[in-house]
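Working notes for the structure below.
The values are calculated or read from the model by the stated rules, or taken from the named source; none is laboratory data. Values in this document were obtained by computation on a predicted structure and should not be read as measured data. A quick note on method: Cβ atoms are made from the backbone with ideal geometry, for glycine too, and the neighbour counts reach across all protein chains shown. Note: accessible area is taken over every heavy atom of the protein model, side chains too, but ligands, DNA and RNA are not part of it. Shrake-Rupley method; radii C 1.70, N 1.55, O 1.52, S 1.80 Å.
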Amino acid sequence: MKPLNIGMVGYGFMGRTHSNAYCQTSHFFPCEYKPVLKAVCARNKDKVEQFASTWGYESIETDWREMLKRDDIDVIDICTPNNIHKEIAIAAAKAGKMILCEKPLAMNTAEGEEMCEAVEQAGVRNMVWYNYRRVPAVTLAKQLIDEGRLGKIFHYRANFLQDWTINADVPQGGAGTWRLDAEAAGSGVTGDLLAHCIDTAIWLNGGIQDVSAMTETFVKERVHAETGKKQAVKIDDACSFFCHFNNGSLGLFESTRYARGHKALYTLEINGENASIRWDLHDLHRLQYFDYRDEGIVRGWRNIHVSDGDQPYMGNWWVPGLQIGYEHTFTHQVADFLKSIETGEEPRPNFRDALETQKVCDAVLSSAAKRSWMGV
Ligand SMILES: NC(=O)c1ccc[n+]([C@@H]2O[C@H](COP(=O)([O-])OP(=O)(O)OC[C@H]3O[C@@H](n4cnc5c(N)ncnc54)[C@H](O)[C@@H]3O)[C@@H](O)[C@H]2O)c1
């Protein structure tokens, strides 16, 4: 195997999921390339040293610019808050590095456009971590749709529900709560959670034409973790929108961090003329499937346990009947990225694909602000 040297920026939640994936991938999806944990970067030297030693990174940096100068780094993996994706990605492209960037691609469409131009001009391989495409049950849904089993699609419905910001004492800004600060996050649930739903929707059901949205910020002021001062909250706490897809189907999306009792409930449902599909992140290894063409007396929702060797990704794991979980979606994404280098194919979703999601997010936020339908 040839080494593919990873330089990761940020060691938080995603830093851990990605590091875990780099460690696992070659054991389960061997290919010509093997990820090597070459360097990890964050600003706090002690903490980044500790992370490097826990995960086995060979070296550390405290300024990502230094990492870009190194010849022994092939891939820059951006696991930082959203407000510095653009700066790192454009500099990494100029340095000729392959780039893996966390979602959402950018703070807004304008930034995303610049990032796309930079990677395309530099001709560097790029991909965005919309990992839910690689849940085997969701990948199976894509397969069933592409085989035409659902027929004409009428409805696409998705929710992403959480409840962790209901308490008005949760601060905004700083480590851990940067998602509540518009300066660091760009938007609230729209860019953080709906972006996942939109990426999956575009992948499964094609492009979105126009949107009509409403947003709400339930807690209007929060203390900023860095300044200690109360400031206006400028992110959307909740967002719902309707849309038309290019294929004529209707979409309905909802996301909130105020759905008491829900920690990370991502659900989607697609209704076609012949069949319907339903999926739920809390039961992620199952795909619900209803086919009207089944014989009447046994017709009903099938509960498919996606764990067999001929189902997506599962042949590389355990034995049929034994399931996998959330972390494996990242392993699949790394595996597909490595394979793309071997085959010369474009890894997906790339920056351009993620820009489509960014455009929908921007249209949603502007529709809510203007209280009118917006074209994407
Ligand atoms: N794919 C997914 O399902 C998923 C899930 C969660 C987060 N994300 C995305 O991943 C990104 C990171 O989110 P997270 O939850 O890991 O956040 P986090 O707060 O857990 O980690 C962020 C990391 O970035 C580092 N950082 C911040 N500024 C930096 C700088 N200037 N230089 C170097 N390091 C810096 C912090 O030290 C921290 O290690 C975000 O873009 C987020 O939207 C994606």
Test for I60: is it closer than 30 Å to T200 by Cβ, among the β-branched types (V, I, T) and either more than 8 Å from the ligand (Cβ to nearest atom) or open to solvent by less than 10 Å² (accessible area, probe 1.4 Å) (or both): no
Condition check for I84: part of a helix (DSSP H, G or I), within 13 Å of the ligand (Cβ to nearest atom), open to solvent by less than 20 Å² (accessible area, probe 1.4 Å) and among the hydrophobic types (A, V, I, L, M, F, W, C): no
Among (1) in contact with a strand residue (DSSP E or B) (Cβ under 8 Å, 6 or more places away or on another chain); (2) open to solvent by 50 Å² or more (accessible area, probe 1.4 Å); (3) within 15 Å of the ligand (Cβ to nearest atom); (4) part of a loop (DSSP other than H, G, I, E, B) - the single one R43 does not satisfy: (1)
Odd one out for P30 among (1) in a loop (DSSP other than H, G, I, E, B); (2) within 16 Å of the ligand (Cβ to nearest atom); (3) under 24 Å from M127 (Cβ atoms): (2)
Yes/no for A201 being assigned to a helix (DSSP H, G or I), within 18 Å of W129 (Cβ to Cβ), within 14 Å of the ligand (Cβ to nearest atom) and at pLDDT 95 or above: no
One residue from G321, G300 being over 30 Å from R16 (Cβ atoms) and more than 25 Å from the chain's Cα centre (by Cα): G300
Selected residue (only one of L252, L193 is crowded, with 23+ Cβ neighbours inside 10 Å and in contact (Cβ under 8 Å) with a residue 60 or more places away in the chain): L193
Yes/no for V319 being farther than 30 Å from A93 by Cα and either assigned to a loop (DSSP other than H, G, I, E, B) or in contact with a helix residue (DSSP H, G or I) (Cβ under 7 Å, 6 or more places away or on another chain) (or both): yes
Members of region 134-185 that are within 12 Å of the ligand (Cβ to nearest atom) and touching a Leu at 6+ places or on another chain (Cβ under 9 Å): V135, F160, Q162, G173
Flag for L355 being crowded, with 19+ Cβ neighbours inside 10 Å and more than 19 Å from H27 (Cα to Cα): yes
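Tell me, please, whether a residue that is at pLDDT 95 or above, part of a loop (DSSP other than H, G, I, E, B) and closer than 21 Å to I270 by Cβ can be found in region 345-359.
Within region 345-359, one or more residues are at pLDDT 95 or above, part of a loop (DSSP other than H, G, I, E, B) and closer than 21 Å to I270 by Cβ.
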Cβ-Cβ under 9 Å pairs, at least 6 apart or on other chains, region 58-69 side within 11 Å of K38 (Cα to Cα), far side of a type in the set (K, R) and at pLDDT below 95: none
Unmet requirement for C239, which otherwise passes all of (1) away from the ligand (no atom under 16 Å from the Cβ); (2) closer than 22 Å to R371 by Cβ: (1)
